[in-house]
There are 2 protein chains.
Amino acid sequence: MKLNIAKHEFNEAISNVSKAVAVKTSIPILSGIKLDADEQGLTLTASDTEISIQSFIPSVQEDQTIIELERAGSVVLPAKFLTEIVKKLPSDIIEIEVFEHFVTMIRAGSSEVQLVGLDPEEFPLLPRLSEEHVLHLSSDMLRTMIRQTAFAASTNENSAILTGILWNIQSNRLKFVATDRHRLASSEVEIQGHEPNSDRPIVIPAKTLNELSKILPENAMIDIVIENNQVLFRMENMLFYSRILDGTYPDTSKIIPTVFKTEFTLDTKQLTDALDRAYLLSREEKTNIVRLVSIDEQTIELSSSSTELGKVTEQIEVEGYRGEPLRIAFNSRYLLDVMKVMDTERVHISFTGAMSPIIVTPEGSDAVLHLILPYRTTN
Amino acid sequence: MKLNIAKHEFNEAISNVSKAVAVKTSIPILSGIKLDADEQGLTLTASDTEISIQSFIPSVQEDQTIIELERAGSVVLPAKFLTEIVKKLPSDIIEIEVFEHFVTMIRAGSSEVQLVGLDPEEFPLLPRLSEEHVLHLSSDMLRTMIRQTAFAASTNENSAILTGILWNIQSNRLKFVATDRHRLASSEVEIQGHEPNSDRPIVIPAKTLNELSKILPENAMIDIVIENNQVLFRMENMLFYSRILDGTYPDTSKIIPTVFKTEFTLDTKQLTDALDRAYLLSREEKTNIVRLVSIDEQTIELSSSSTELGKVTEQIEVEGYRGEPLRIAFNSRYLLDVMKVMDTERVHISFTGAMSPIIVTPEGSDAVLHLILPYRTTN
């Protein structure tokens, strides 16, 4: 393998695939990036067995020569060092040449880097997927839905299935659900290209979807290919493979109340800022408990207290108050997490009593729903 | 104590004094900030016994009312929580009122924060300094000299005196020296207002000077009051006290060579970038060793290697080469640290052989000098 490549494009592709490089691994080759060069371009592949990412740099892009190939070939190079050194090379064009025993020379300006390469034959192959079940979704919608739900997934590996996001595909609708048993987030959207006969819910690790989120292009359509234990996100010049989690996701439909005793609407920013201040103090007590009580039909009060530090009290105006007076306590961190992903100016909150779930939705939308269990307290 | 105060100014003063708040302390009051309010304004004080900072907010600034005083008084409030909550309060004016037992109420918009205050009488008093020995130095020069030397001070508390920067005051010149036994940095400047009879070198902790650096105003004159075991930096509306280190600073004048076997000048950025790349690889071997050899009178070569990863080789053009051919090894991290504080476009490097100190100076200046001991190697 011998070629000249534009630094900018090479750097970008390395940065994209590097999210799949194994950090701590007993299989040395997985800490590398595989390069395959041919007439069409250069393909970069990385895999930590959980995620695999493949990025393709075409030789010519928009009439610009990106790669000049002299000799096709393959090699695996150490990812961490490659990532850092390529960024810092002193010229816009980089020469890569692979010699015997995969010794690789990278030249740029007056710099010469000699790397110990590994045999590309030892690099794991990417899964081959049939194209029987393919969904199409815009990258922006996918990124939004991940953002709205991933934070509510469990981080406890003991309940492995809950570390994932449930994808429920029914009647042309795709719904994401994530829960850690204390809170739940769901978001749904209409989709295209769906075949109703092959429906089955799948669970994809939330961590993996967060990684995907970072490299999703803006404003593009993504093909999502679903197989038994693998899902492939296909973008232009990039493939992203993730494992599908084994196991059955718990039925969460029954814990979401449908009849409410108290509900109101309020300003997203006002609530977020007041919560943020109450959280500051609640954090000192480790529990993050904040109390919410209704003062009248126009006002609620948030408060938190710490024996050592003192007390924070916040009054917030509400609109459309309906139902009984309210007195409830909850983990302020959970509600703050919800407020962070709220894109509407106002939010709607519904309660079914001091011991029942709190439901938060963006005003005027039923596609997104957040649930928080209250903190069971006696006063 | 009861007053209204502008949030912006209060916040800024808190942020300045908070650098002296004790983080881990067995004396609870030292984790607080003392507030003293009178007709003139509000004084904030924090002290961790190593550093003390006092910041004064005048009631009126440039014809603007900053503080409306209703009742003078004092209180000590918990620093960490105060810092965080004041930033987040919802209005530009904050009301502070102290009740019995130092219970303090902070009100802003619809927020009410009640804090458990402490007795200001228990807060340590600031040292009283006679004004016998006062230097005057511009804040920008002081910041520059700290930046040029502090990084070379030791971080090892076992050689306590070397964790400081030596201030040598002689014949109207102030010279800073810092060394950790592997490298040395010095910087000197002419000063005013100095009394030659009271000369003695002092050593101030480098960490403290770095903290001072962060709150030094731009373009102002600083009074520096030196006493037996304390130094005071007096700025407009701010006092910064630091402890002076006990002990005798080693005599470093003899380790700086004055006759050189090889010397040349080169481009600061070219050397920094090449070193940066060589460092990346040298770091993998933990030693950070980079080798420097002269190729001819126009070119030097930097290189580093790692058995696992490979080798980086860099060629750099030099000018004004004088003396013998060169072959030397050193810790690349040390030279990178020096390059980061070099403000001139070109640097001059001088050598006295493979086992003798390397001297780096900015081109055309003898006020700043950096010394690095080479790595003793046999090849």
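The values are calculated or read from the model by the stated rules, or taken from the named source; none is laboratory data. All of these numbers come straight from a predicted model, not from anything done at the bench. When we count neighbours, we look across all protein chains shown, and the Cβ atoms used for this are built from the backbone with ideal geometry, even at glycine.
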Among the residues of the range B:280-302, the number that are within 9 Å of another protein chain (Cβ to nearest Cβ) and within 16 Å of A:Leu89 (Cβ to Cβ) is 2
May I ask you to verify whether B:Arg277 is in contact with a Ser or Thr (Cβ under 9 Å, 6 or more places away or on another chain), more than 10 Å from chain A (Cβ to nearest Cβ) and either closer than 18 Å to A:Arg107 by Cα or not in a helix (DSSP H, G or I) (or both)?
no
Across the range A:1-28, what is the number of residues that are among the hydrophobic types (A, V, I, L, M, F, W, C), surrounded by fewer than 19 Cβ atoms within 10 Å (Cβ to Cβ) and not in a loop (DSSP other than H, G, I, E, B)?
1
Answer residue from the range A:88-109, given it is closer than 22 Å to A:Gln54 by Cβ and either among the aliphatic types (A, V, I, L, M) or within 33 Å of the chain's Cα centre (by Cα) (or both) and is nearest to the other protein chains (Cβ to nearest Cβ) among those
A:Ile106
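Yes/no per residue for (1) in contact (Cβ under 8 Å) with a residue 60 or more places away in the chain; (2) among the β-branched types (Val, Ile, Thr):
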| position | (1), (2) |
| --- | --- |
| A:Ser213 | yes, no |
| A:Ile224 | yes, yes |
| A:Leu239 | yes, no |
| A:Ile255 | yes, yes |
| A:Glu308 | no, no |
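Residue by residue, here is whether (1) among the acidic types (Asp, Glu); (2) more than 26 Å from B:Gln192 (Cα to Cα); (3) without any contact (Cβ under 8 Å) to a residue 12 or more places away in the chain; (4) surrounded by 17 or more Cβ atoms within 10 Å (Cβ to Cβ) holds:
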| site | (1), (2), (3), (4) |
| --- | --- |
| B:Gly73 | no, yes, no, yes |
| B:Ser91 | no, yes, no, no |
| B:Ile106 | no, yes, no, yes |
| B:Glu112 | yes, yes, yes, yes |
| B:Leu118 | no, yes, no, yes |
| B:Leu125 | no, yes, yes, no |
| B:Arg143 | no, no, no, yes |
| B:Ala152 | no, yes, no, yes |
For the range B:306-320, enumerate the residues that are more than 7 Å from every other protein chain (Cβ to nearest Cβ) and not β-branched (Val, Ile, Thr).
B:Ser306, B:Glu317, B:Glu319, B:Gly320
In the range B:16-35, what count of residues is obtained for those that are touching a helix residue (DSSP H, G or I) at 6+ places or on another chain (Cβ under 7 Å) and touching a residue at least 40 places away in the same chain (Cβ under 8 Å)?
9
Filter the range B:340-370 for residues that are hydrophobic (A, V, I, L, M, F, W, C) and over 22 Å from B:Lys269 (Cβ atoms); which is surrounded by the fewest Cβ atoms within 10 Å (Cβ to Cβ)?
B:Met355
State yes or no: is A:Glu263 modelled with pLDDT of 95 or more, buried (at least 17 other Cβ atoms within 10 Å of the Cβ) and charged (D, E, K, R)?
yes
Restricting the range A:266-291 to residues that are modelled with pLDDT under 95 and basic (Lys, Arg), which is surrounded by the most Cβ atoms within 10 Å (Cβ to Cβ)?
A:Arg283
For the condition within 14 Å of chain A (Cβ to nearest Cβ) and β-branched (Val, Ile, Thr), what is the one hit in B:Ile85, B:Ile161, B:Ile67?
B:Ile85
On the given criteria, is A:Glu62 acidic (Asp, Glu) and within 13 Å of another protein chain (Cβ to nearest Cβ)?
no
Quick check: anything in the range A:84-92 of a type in the set (Ser, Thr, Tyr) and more than 18 Å from A:Arg234 (Cα to Cα)?
yes
Please state which one of A:Ser139, A:Ser130 is of a type in the set (Gly, Ala, Ser) and either at pLDDT below 95 or surrounded by fewer than 17 Cβ atoms within 10 Å (Cβ to Cβ) (or both).
A:Ser130
Test each condition in (1) within 14 Å of chain A (Cβ to nearest Cβ); (2) within 32 Å of the chain's Cα centre (by Cα); (3) in contact (Cβ under 8 Å) with a residue 24 or more places away in the chain for B:Asn168 and report the one that comes out false.
(1)
As an exercise: evaluate A:Gln148 against (1) touching a Ser or Thr at 6+ places or on another chain (Cβ under 7 Å); (2) without any contact (Cβ under 8 Å) to a residue 40 or more places away in the chain and give the number of the one condition it does not meet.
(2)
Is there a residue in the range A:114-133 that is within 14 Å of another protein chain (Cβ to nearest Cβ), over 34 Å from the mean Cα position of the chain (by Cα) and more than 24 Å from A:Thr49 (Cα to Cα)?
yes
